[in-house]
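First the structure, in the form of structure tokens, and then the observations on it.
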Amino acid sequence: MDHLVIGLAYGKFRIAAITGKDTVEEARKRHNLSHTATAVLGRSLLGAGLLASSFKSDKERILLQFRGDGPVSPIVAMADRNVNVRGYCENPQVELELNSQGKLDVGGAIGSGMLYVIRERDNYEPYTGTVPIQTGEVGDDLAYYLQISEQVPSAVGLGVLVDPTGEVRSAAGLLVQVLPGVPEEDIIQLEEKLMNLGSLSHRFDQGETPESLLDDLFEGWNKLEERPLKFACDCSKERFQRGLFSLGREELSDLLETQQSVETVCRFCGEKYEFSREEIEELMKKA
């Protein structure tokens, strides 16, 4: 089962690990993603889920937006405290050659540009942090954001393994944050462990779990919480109906001159909602 695990290690590190094979596969199917786009959006969804691991209220959510000059950009991923994730990329069918390491070219797909991180909380103005994209590999960029915008030294690892048919074989992520006052030698030891960790996607393809990964890295760590992960969207026909109503009578009339019904599509999940001619005419009466 896809899920997120949150813990504390030695009172020195806040840790979270996530597995999301089915969730990323759901995104792939909904958006008809290429191999490359699956890795790009999959990493972004998992990264958003990891950042949402610190949320305390059900009203909190986070939105990541990678606006680079790569062919798949922009990429948008959103997550809430309950690790409901959703998102999309602008050009989901783009496929790139493998990079110099023989892996899917996530960095080339995103390109150079800016990463925007928007945190929303109930009764508070949304907070937006902006940093330059560092590598486009998503994990590196989120770690840089946490260091620069939130002054929290962090390591973020993300991986999505796609088989030749395009199906997702594994999807996983790791977040480690250094708490205040940790000695430098402990941080160096942690860095060495992380450097020797290897590919997360391959480890999880071979049966790794968030719990076993954290066991390997932090013997005796304390598990604080576990949350299920799923692809979920809060769109509805009623919400799109309100959007159509806001167009006004004249624009709705123009729509009916060229078509017998109106189909709307949610960018985040790909769900389609069709409005008949009668439904549009009813909206025009109310406009």
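The values are calculated or read from the model by the stated rules, or taken from the named source; none is laboratory data. Small disclaimer: the values here were computed from a predicted structure and weren't measured. Please note: Cβ atoms are built from the backbone with ideal geometry, for glycine as well, and neighbour counts cover all protein chains shown. In case anyone asks, the SASA skips ligands and DNA or RNA and just uses the protein heavy atoms, side chains included. Shrake-Rupley method; radii C 1.70, N 1.55, O 1.52, S 1.80 Å.
With all protein chains in place and a 1.4 Å probe, the accessible surface of the chain carries 47 percent carbon and sulfur. Residues whose amide H comes within less than 5 Å of that of Gly136, counting only those at least five positions distant or on another chain, are Asp141 (H built at 1.01 Å from N in the peptide plane).
Rounded to the nearest 500, the 222 nm mean residue ellipticity of the chain from helices alone is -10000 deg cm²/dmol, with -39,500 (n - 2.57) taken per DSSP H run of at least 4 residues. Remark on the chain: Cys89 stand apart, with no other cysteine beta carbon under 4.7 Å. Comparing Gln147, Gln206, Gln93 along the charge dipole axis of the chain, the residue lying farthest to the positive side is Gln147, per the Cβ-charge model. Normalising the Debye intensity of the range 79-220 to I(0), with uniform scatterers on Cα atoms only, and taking log10 at q = 0.19, 0.21 Å⁻¹ returns -1.48, -1.60. Ala37 sits among other residues whose Cβ lies under 10 Å from its own Cβ, and their net charge, with Lys and Arg +1 and Asp and Glu -1, is -1.
Here the Karplus relation 6.51 cos²θ - 1.76 cosθ + 1.60, evaluated at θ = phi - 60°, turns the backbone of the range 177-190 into coupling constants of 10, 7, 7, x, x, 6, x, 4, 5, 5, 5, 5, 4, 5 Hz, with x for every Gly and Pro.
The mean sequence distance of close C-alpha pairs (under 8 Å, at least 6 residues apart), as a share of the length of the range 162-261, puts its relative contact order at 21 percent. About the centre of its Cα atoms, the chain shows a dipole size close to 480 debye [charges on the beta carbon of Lys, Arg (+1) and Asp, Glu (-1) only; nearest 20 debye].
Backbone geometry of the range 23-32 corresponds, through the Karplus equation with coefficients 6.51, -1.76 and 1.60 at θ = phi - 60°, to 3J(HN,Hα) couplings of 5, 5, 4, 4, 5, 4, 5, 5, 9, 6 Hz, x marking Gly and Pro.
Would you tally the net charge around Val160, using a Cβ to Cβ cut-off of less than 12 Å, leaving Val160 out, and scoring K and R as +1, D and E as -1?
Numbers: positive: Lys21, Arg28, Arg43, Lys103, Arg169; negative: Glu25, Glu137, Asp163, Glu167, Asp205.
Spelling it out: positives minus negatives among the neighbours equals 0.
Taking all Cα-Cα distances within the chain, those exceeding 29 Å account for 38%.
Rolling a 1.4 Å probe over the protein heavy atoms gives the chain an accessible area of 49 Å² per residue.
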